[in-house]
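K.L.:
Pasting a structure here, questions to come.
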Amino acid sequence: MNHSPIPIAIIGGSGIYQFPGLSNTVEHVVQTPYGDPSDAILTGTLGKVPLAFLPRHGRHHSIAPSALPYRANIYALKSLGVRWVISLSAVGSLKEKYQPRDFLIPLQFFDRTKNTQHHSFFERDIVAHASFGDPVCARLASMLFQSAGAAGARCHWGGTYVNMEGPVFSTRAESEFHRRMDFDVVGMTNLAEAKLAREAEMSYATVSMITDYDCWHENESEVRVSDVVAILHDNAELATETVKRAVQSLDHTENTPCHSSLANAIATPRQHWPETQIKKLGPLIEKYL
C-alpha cells in the first residue's frame, strides 16, 4: 500500500462504531490473506497524530463475537503500519466494587473460548511461540489509566478479563464460577486480539467499559443488549476523551518489548520457510527475512 504509516489504531466495541474528532479522513478497504476485516478502516488525524479506527463488529454491529475475523483485523492494521492498538470494549463486572459506567484497565486475560483455531498467524509451515505471560503492553495500559482519570472517569487499574465464548451471555453458574476464580470482568473479544497483536509485534491494551453485573448480582436484572448500549452511549464521550488524551501523550515512535516479540519466537529454521507462507505473512515477518 502506498501511504504514510498509521502508528495508532482504535478498535471500537459494542456501541462504538465511529470515532469523533478525526479530520482528513480516508476509508481503506484492506484485503488480507485471512479474508475481509470487520469493516473498512477509517484513517485520519487526531490533532496532529495519524490514527486508524476499526469498528470491531462492523459499523452496523453485524458480526457476532464468535464470528469476528480477528486475524484479518489485526493483519489489516499491521498492513497500515499500526504499532499501537487501543481496544474499547464492553464488559460485565464480576465484583461489587466495579460498577456499571466504571472503566477498568486489565493486565491479564483468561481464555474460556472454544473457537481458537483462528487465534494465531503461525499455525503451520512457519511456527512461532510468542511470549504471552504479560499479555497487555504495560506502557500503553499505564497511559490509558492515567488518561481515563484525567478525563474524569472512575477507572480501576489491573485485574483479569475472562474471555468467554459469545454471543450468548453467561449462565448464572458460569458467572458464579468466574467470581469464585477471582476474575474481575467478563467479555467476549479481547483475548484473540491480544494474542494476534503480540504475534504482529504491536503494543495492545484495552479500556474495559463496564456496562452491567453479568447475571450474578441479586439486586440487578440480567444483562440486556439495550441496557449495555445505553450505558455505552452515555460513556462514549468519556471514552473518546480518554483515547484523545492517551494518543496526544503517546510517543508512537517508542519501542516496547511488544515491538520485538518475534525476535526469539520463531521455531521453524529460516531455510525451511516456504515462499508461499513468507508472502502470506509479509507484514508480520518482513524484518526477519
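The values are calculated or read from the model by the stated rules, or taken from the named source; none is laboratory data. No experiment lies behind these values; they were computed from the predicted model shown. Ideal geometry is used to build each Cβ from the backbone, glycine not excepted, and the neighbour counts take in all protein chains shown. The protein model used for the area step is the full one, side chains on, heavy atoms only, and it has no ligands, DNA or RNA in it. Shrake-Rupley method; radii C 1.70, N 1.55, O 1.52, S 1.80 Å.
K.L.:
Check HIS119 against each of (1) surrounded by fewer than 21 Cβ atoms within 10 Å (Cβ to Cβ); (2) of a type outside the set (Lys, Arg); (3) over 27 Å from PRO5 (Cβ atoms) and name the one condition it does not meet.
P.N.:
In the conditions (1) surrounded by fewer than 21 Cβ atoms within 10 Å (Cβ to Cβ); (2) of a type outside the set (Lys, Arg); (3) over 27 Å from PRO5 (Cβ atoms), HIS119 misses (3) alone.
K.L.:
Provide a single number: the residues in the range 173-217 that are more than 14 Å from ASN163 (Cα to Cα) and aromatic (Phe, Trp, Tyr). Break it down into steps so the answer makes sense when it comes.
P.N.:
Here is the first cut: in the range 173-217, the residues more than 14 Å from ASN163 (Cα to Cα) are 173, 176, 180, 196-205, 207, 209-213, 215-217.
Pick out the ones that are also aromatic (Phe, Trp, Tyr) and you get 204, 213, 216.
Number of matching residues: 3.
K.L.:
Residues VAL91, VAL85, VAL26, VAL30: which one is β-branched (Val, Ile, Thr), touching a strand residue (DSSP E or B) at 6+ places or on another chain (Cβ under 9 Å) and surrounded by fewer than 14 Cβ atoms within 10 Å (Cβ to Cβ)?
P.N.:
Values: VAL91 fails: surrounded by fewer than 14 Cβ atoms within 10 Å (Cβ to Cβ); VAL85 fails: surrounded by fewer than 14 Cβ atoms within 10 Å (Cβ to Cβ); VAL30 fails: surrounded by fewer than 14 Cβ atoms within 10 Å (Cβ to Cβ).
When all the criteria are applied, what remains is VAL26.
K.L.:
Take the range 170-185 and flag every residue that is touching a residue at least 60 places away in the same chain (Cβ under 8 Å), open to solvent by 10 Å² or more (accessible area, probe 1.4 Å) and not charged (D, E, K, R).
P.N.:
SER170, MET181, PHE183, listed by residue number.
K.L.:
Now, a different point. For the range 1-111, please list each of the strands (runs of 3 or more DSSP E) lying entirely inside it that holds at least 3 residues being within 27 Å of SER260 (Cβ to Cβ) and aliphatic (A, V, I, L, M).
P.N.:
Numbers: elements: 8-12, 23-28, 41-46, 49-55, 84-93, 103-105.
Ranges flagged: 8-12, 49-55, 84-93.
K.L.:
Quickly run through the range 234-289 and pick out the residues that are among the β-branched types (Val, Ile, Thr), surrounded by 17 or more Cβ atoms within 10 Å (Cβ to Cβ) and in a helix (DSSP H, G or I).
P.N.:
Within the range 234-289, THR240, THR242, VAL243, VAL247, ILE285 meet the criteria.
K.L.:
Consider ASP102 carefully, then state whether it is surrounded by 17 or more Cβ atoms within 10 Å (Cβ to Cβ), touching a strand residue (DSSP E or B) at 6+ places or on another chain (Cβ under 6 Å), of a type in the set (Asp, Glu) and more than 30 Å from PHE177 (Cβ to Cβ).
P.N.:
Details: surrounded by 17 or more Cβ atoms within 10 Å (Cβ to Cβ): yes; touching a strand residue (DSSP E or B) at 6+ places or on another chain (Cβ under 6 Å): yes; of a type in the set (Asp, Glu): yes; more than 30 Å from PHE177 (Cβ to Cβ): no.
So ASP102 fails the test.
Each row is one residue, and each column tells you yes or no for (1) part of a loop (DSSP other than H, G, I, E, B); (2) modelled with pLDDT of 95 or more; (3) of a type in the set (Gly, Ala, Ser).
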position: SER170; (1), (2), (3): yes, no, yes
position: ASP182; (1), (2), (3): yes, yes, no
position: ALA192; (1), (2), (3): no, yes, yes
position: LEU196; (1), (2), (3): no, yes, no
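K.L.:
Another question, then. Considering the range 130-144 alone, what residues qualify as being under 15 Å from ALA192 (Cα atoms), open to solvent by 70 Å² or more (accessible area, probe 1.4 Å) and not polar (S, T, N, Q)?
P.N.:
Matches in the range 130-144: ASP134 only.
K.L.:
Which pairs have Cβ atoms under 8 Å, sit 6 or more apart or on different chains, and link a residue in the range 32-59 that is under 16 Å from ALA192 (Cβ atoms) to one that is open to solvent by 40 Å² or more (accessible area, probe 1.4 Å) and part of a strand (DSSP E or B)?
P.N.:
From the range 32-59, the pairs are LEU54/LEU42.
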